[in-house]
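Below: one structure, written as structure tokens.
None of the figures in this text is laboratory data; all of them are computed from the coordinates on show. The structure displayed is predicted, hence computed values, not measured ones. Because the Cβ atoms are built from the backbone with ideal geometry, glycine has one as well, and the counts that use them run over all protein chains shown.
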Amino acid sequence: METVLSSASRQVRIGGENPFCIIGERINPTGRKIFQEQLRRGDLARIEIDVAEQLAGGAMVLDVNMGAPLCDEAELMTRAIRLIQSRCDLPLCLDSSIVEVLEAGLAAYQGKALVNSVTAEDDRLDAILPLVKRHGAAVIGLPNDEEEIPEEPTRRLELARKIVDVATGTYGIAIEDIVIDPLAMPVGADTSLVLRTLETIELLRDELGVNMALGASNVSFGMPDRGAIGAAFLPMAIASGLTSAIMDARSQQLVQAVKAADLLTNRDPWGAAWIAAHRARQAGPGPAAR
């Protein structure tokens, strides 16, 4: 099963025999005080830097979140999308919990976007899924509801199945346009949580066959040497069935771990991408690297 996203001029395919999809996480003001201040002034210049750095790192899709306090998030989302689409041809993942912001973003977007996200709560499904259908987008579903963020993989599967059933049965959204987040939880809070995430990934792969995306940085939150943890986790998750992640595309350590996993799981035929990336690094900043 393939989830196809697009900009005005480029397609990205998630799942199937395709390489693991790197969704760049950087265009997000959370934890970035200077960026928040810039957004409050209506200054989007930093976004251009974030786009360039993530492109250079290997991002295939860019997540866009404009949730800065005391800002008109819908207006910022519209401006950010237009700016990003004028600077690169990568598809975008529109990231907001506010329906009006998603609606404004989808109206401005050229192509087929990924909406991040909808939970299994009835009111959220009824608010967001019609919007996804109307704009022909794909959507990330989070298997939690108003009662819980479940720890048990079987409960996560149950809520994921509800999202799929409502999206396909009630709103006519194709199952390949539903991407489920298996819920990556911080290993620093409980060292058993990552094993539950991996079990959830396997259940979603085996029972629903859907593509999946998660926030890779969640796993290492609060721990030292976060890059090493992420670089160990992502290949394990890919082997279990994960097909994309919202992650730091600027981190060579993380990106190389993903590319090595592509090679070892036969998603990089004859190692062509791995060898080309190695030669580009050896060439340095000269013409070969460019």
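In µm²/s, what is D for the stretch 1-115 at 20 °C and 1.002 mPa s, where D = kT/(6 pi eta Rh) by Stokes-Einstein and Rh is the Kirkwood radius from Cα pairs?
Value of D from the Cα-based Kirkwood radius: 151 µm²/s.
Just to be sure I understand the curve: with the Debye formula and one point per C-alpha of the chain, what is log10 I(q)/I(0) at q = 0.07, 0.13, 0.16 Å⁻¹?
Those come out to -0.24, -0.90, -1.39, one per q.
Cross-chain or 8 or more residues apart, Cα under 28 Å: how many lysine pairs in the chain fit that? Count them up, please.
Numbers: Lys112/Lys133; Lys112/Lys162; Lys112/Lys259; Lys133/Lys162.
Lysine pairs, 8 or more places apart or on different chains, close enough: 4.
So what J values fall out for the stretch 154-168 if you push phi through Karplus, 6.51 cos²θ - 1.76 cosθ + 1.60 with θ = phi - 60°, rounded to Hz, Gly and Pro as x?
Going residue by residue, I get 5, 6, 4, 4, 4, 6, 4, 4, 4, 4, 4, 5, 5, 4, 7 Hz, with x marking Gly and Pro.
What distance in nm lies between label points placed 7 Å from Cα along the C-beta direction at Ile275 and Glu151?
4.9
Please give the length that would be gained between Asp72 and Arg87 if that part of the chain were fully extended, namely 0.36 nm times their separation in residues minus their C-alpha to C-alpha distance (nm, one decimal).
3.1 nm
Modelling each spin label as a point 7 Å along the Cα-to-Cβ direction, I'd like the Ala232/Gln256 distance in nm, to one decimal.
1.7
So what is the relative contact order of the stretch 1-73, in percent, for Cα pairs below 8 Å that sit 6 or more residues apart? Intermediate values should be presented prior to the final figure.
Numbers: 81 pairs, mean separation 26.3, N = 73.
In percent, rounded to a whole number, it is 36.
Specify the residue with the greatest mean-square fluctuation among Pro182, Pro130, Pro153, computed from a Gaussian network of the chain linking alpha-carbon atoms under 10 Å apart.
Answer for the Gaussian network model of the chain: Pro130.
Give me the dipole magnitude in Debye, nearest 20, for the stretch 2-283 about the Cα centre, with unit charges on the beta carbon: positive for Lys and Arg, negative for Asp and Glu.
1300
Ranking His135, His278 by Cβ neighbours within 10 Å, fewest first, what do you get?
Going from sparsest to densest Cβ surroundings: His278, His135.
Pop out the Kirkwood hydrodynamic radius of the stretch 1-57 from its pairwise C-alpha distances, inverse of mean 1/r, in Å to one decimal.
Values: mean 1/r = 0.0739 Å⁻¹.
That comes to 13.5 Å for the stretch 1-57.
Considering all projection directions equally, how large on average is the shadow of the alpha-carbon convex hull of the stretch 53-196, in square nanometres?
Mean shadow area of the hull around the Cα atoms is 9.9 nm².
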